[in-house]
1. Sequence-distant or interchain residues sharing an amide H contact under 5 Å with Leu52, placed H: which?
2. Whole percent per 10 Å bin, from 0 to the bin with the longest distance: what is P(r) over all C-alpha pairs of region 1-118?
3. Kindly express, to the nearest 10 degrees and within the range 0 to 90, the angle between helix 71-84's C-alpha long axis and the longest C-alpha principal axis of the chain.
4. About its Cα centre, how strong a charge dipole does the chain have in debye, to the nearest 20, once Lys and Arg get +1 and Asp and Glu get -1 at the Cβ?
5. Under a point-charge model restricted to the Cβ atoms of Lys and Arg (+1) and Asp and Glu (-1), what is the dipole moment magnitude of region 1-62 relative to its Cα centre, in debye to the nearest 20?
6. If each DSSP helix of 4+ residues adds -39,500 (n - 2.57) and the sum is divided by the residues in the chain, what number results at 222 nm, nearest 500 deg cm²/dmol?
7. List the relative contact order of region 1-118 as a percent without decimals, with contacts defined as Cα pairs under 8 Å and 6+ residues apart.
8. With θ taken as phi - 60° and the coefficients 6.51, -1.76 and 1.60, list the Karplus ³J(HN,Hα) couplings across region 14-19 in order, rounded to whole Hz; mark glycine and proline as x.
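Each reported figure results from applying straightforward, stated rules to the coordinates on display, with no laboratory input. As the structure is a prediction and not an experimental result, all values here were calculated from the model. In this analysis, Cβ positions are derived from the backbone assuming ideal geometry, glycine residues included, and neighbour counts consider all displayed protein chains.
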Amino acid sequence: MKEGWARAALERFELLKRWREYVPIVARACREVLGDGCLRVYVVGGAAEGRLTVLSDIDVVIVVKNPPGDRLSVLLGVRRRARELGIGDEIPLDLKLMTLEEFEELRRRGIFKEVVEVGTE
């Protein structure tokens, strides 16, 4: 049992270390789903700060002009499009949707210590 868990943990960590390969595709999915409504895409948290662990995920912030009433549906649409573009469900993504004002407030309060802006592939 321990060997199986250890192997799975190593595989997950190897996926996490390749986050720079995945996030441009996620950014592309955001722009395809939201169009001009997608202002920017950032990576925050452990990946941006260089402190990934096997328990980490890849925190992706999608900054939008006007947040839709149903943010969850938009996030699911982005995740679905990213899957169609090759980002499998095994990639541990945590997508967050917010306005520029919300994002800047979290940066000001030190919640997002480091951010990496992402371009599309």
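1. It is none; the list stays empty.
2. Pair shares across the bins are 14, 44, 32, 9, 2.
3. 60 degrees
4. 80 debye
5. 120 debye
6. -15500 deg cm²/dmol, from helical runs alone.
7. Computed over region 1-118, the figure is 33 percent.
8. 4, 4, 4, 5, 9, 4
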